[in-house]
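**Q** Take a look at this one; I'll ask things after.
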Amino acid sequence: MGLQEAKVKVRKAIGKVGKDATQDYRNYKYASHDAVTAAVVPAMHKNGVTHRVSCEEFQMAGDFAVVLVEVDFCFEHEGGKKVEIERCSMFSADKLKDGTTMGAIVSYGVKVAMLKYFGLETGEEDM
């Protein structure tokens, strides 16, 4: 088995991640970072996939903080002689206001990377 086969098994094991949180000021329900990682990480590990996160760039655009989040999805073959790695990169941003943290911005990027990499649905409309 390789990374692509493991990726398909993860997607099949999860299917869809349910919405568990509400953004009150937009009356908007969404799948939180916690819900996504709670569904994805155990399925990844069961199928031999790990991940590592890095933040490569930070920019300010007006009152928005923008971070380039890169997530490497890794699969180690038996014996550890070969490791396959695929990178999923995206910019994650949020308006800086009271309570906004860089951790929240990075967590959003990781959540989106997991959803997009494994082709998972949440039923959310793109904003």
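**Q** Would you please report the Å³ per residue occupied by the convex hull of the alpha carbon atoms in the chain?
**A** 107
**Q** With Cβ to Cβ distances under 12 Å as the rule, what net charge do the other residues near LYS46 carry (K, R +1; D, E -1)?
**A** Values: positive: LYS9, LYS12; negative: none.
With Lys, Arg at +1 and Asp, Glu at -1, the neighbours total +2.
**Q** Sticking with this one: Take the solvent-accessible surface of the protein heavy atoms, probe 1.4 Å, and return the percent of it on the chain that carbon and sulfur atoms account for.
**A** 49
**Q** Let me ask something additional. Residue by residue, what Karplus-based ³J(HN,Hα) values in Hz, rounded to whole numbers, does segment 68-82 have, using 6.51, -1.76 and 1.60 with θ = phi - 60° and x for Gly and Pro?
**A** 7, 9, 10, 10, 8, 9, 10, 9, 9, 6, 3, x, x, 7, 9
**Q** Expressed as an acute angle from 0 to 90° and rounded to the nearest 10, what is the orientation of the C-alpha long axis of helix 3-14 relative to the principal long axis of the chain?
**A** 60
**Q** Still on this structure, please answer the following. Does segment 6-61 come out rounded, prolate or oblate, given a ≥ b ≥ c as the square roots of the eigenvalues of its C-alpha gyration tensor, rounded meaning a/c under 1.5 and, failing that, prolate meaning a/b above b/c?
**A** Cα axes put segment 6-61 in the oblate bin.
**Q** Any chance you could give the angle, 0 to 90 degrees and rounded to 10, that helix 33-46 forms with the longest Cα principal axis of the chain?
**A** Tilt relative to the chain: about 10 degrees.
**Q** Helix 102-118 sits at what angle to the longest principal axis of the chain, using alpha carbons and giving 0 to 90 degrees rounded to 10?
**A** Approximately 40 degrees, to the nearest 10.
**Q** Which value at 222 nm does the chain reach when only helices count, each DSSP H run of 4 or more adding -39,500 (n - 2.57), with the total divided by all residues and rounded to the nearest 500 deg cm²/dmol?
**A** Result for the chain: -11000 deg cm²/dmol, rounded to the nearest 500.
**Q** Okay, next question. How many lysine pairs does segment 10-127 hold where the Cα atoms are under 24 Å apart and the two sit 8 or more places apart or on different chains?
**A** Total qualifying Lys-Lys pairs in segment 10-127 comes to 24.
**Q** Tell me the per residue accessible area of the chain using a 1.4 Å probe; a whole number in Å² is fine. Don't jump to the answer; show the numbers that get you there.
**A** Working: 7740 Å² over 127 residues.
Heavy-atom accessible area per residue stands at 61 Å².
The values are calculated or read from the model by the stated rules, or taken from the named source; none is laboratory data. All of these numbers come straight from a predicted model, not from anything done at the bench. All Cβ positions, even for glycine, are placed from backbone atoms using ideal geometry, and neighbour counts span all protein chains on display. Please note that ligands, DNA and RNA were not included when accessible areas were found on the heavy atoms of the full protein model with its side chains. Shrake-Rupley method; radii C 1.70, N 1.55, O 1.52, S 1.80 Å.
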